[in-house]
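Heads up, the thing below is written out as structure tokens.
The values are calculated or read from the model by the stated rules, or taken from the named source; none is laboratory data. The shown structure was predicted, so the numbers you read here are calculated from the model rather than taken from an experiment. Note: ideal-geometry Cβ built from the backbone for every residue, glycine included; neighbour counts use all protein chains shown. Heavy atoms of the whole protein, side chains included, go into the accessibility calculation; ligands, DNA and RNA do not. Shrake-Rupley method; radii C 1.70, N 1.55, O 1.52, S 1.80 Å.
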Amino acid sequence: MIRALVGGAIVTSAVLALAAAPSGAQQEQSRQTFELAFTTQRPGSSTGFFEVIDYVNPTDPNAKPFAVQKVVLRLASGAKIDTSVPAQCAAPDPVLIVQGASACPEDSVVGAGKVDLDTGLPGPARIVRNNVTLLNNDDQVIFLFEEEGTGGRAVSRAEVRGGSFTTQVPPIPGGPPDESTAIDRVVLDMKAVSSGRGKRRKGYITTPASCPRSGEWINTAIFSYRDGVEQTVESATPCQRGRTVASG
């Protein structure tokens, strides 16, 4: 029963889902770690990214993490996301749950990953491991989850706007102490996808047009938790200086 509830509620808990450490001086109270690196260092170029997030309870590393409610990933200033570049998957959630990624054009697959959930239940039922396929849609990333072992599927959709991904996370039933399930670990590998040639070449994700003096672009993740706590963290990814791409 718990696995069925978890599978149904995971529908909006992915992106991307994406986590952050707190700003300010109280770094010891961080509820998660966050790293995101682009797959290219070239300004104005099509890129993918590799992201790892580990949620923790800062007072007890062995305890269930806190439950997150909203996750916003803002790529480095000037980075762009264009969902018109890859093929788009128009399949509704019920079809995706039955047919899986085969319900979508092959070229709509933009990445893959893993998401682990912590139910808080004792024994082997505590951690629910899911493989994730990332699918492109109009102003969306679709997360197609498949639970390891059972093969049960669930679907989540993250909103894409400008250079950001936003995921709303519903309450996920689970075990003690709060009778909820929390995201434990997220690993996402987004592919570099492009279309066209020469000056008409466009990327699904494009790096900023220039590299700052620091030699790093800064990606930012903002997490709002169900108990009212909001935490923000920045993750640096290297870039090549001395090369600027004209906009427009």
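Annotations for the structure displayed:
- Here the calculated FRET efficiency for residue 240 and residue 106, from their Cβ-Cβ distance with R0 = 51 Å, stands at 0.95, rounded to the nearest 0.05.
- Using the Cβ-Cβ distance between residue 98 and residue 197 with R0 = 51 Å, the FRET efficiency computed as 1/(1 + (r/R0)^6) comes to roughly 0.85.
- Distance from the range 97-173 to the range 174-221 (C-alpha centre basis), Å: 15 Å
- For residue 199, a cut-off of 18 angstrom between C-alpha atoms picks up these lysines, skipping any fewer than 8 places away in its own chain: 80.
- Under 17 Å from the Cα of residue 114 - lysines, other chains or at least 8 residues apart: 191
- Atom-type composition of the exposed protein surface of the chain places 50 percent of the accessible area on carbon and sulfur (1.4 angstrom probe).
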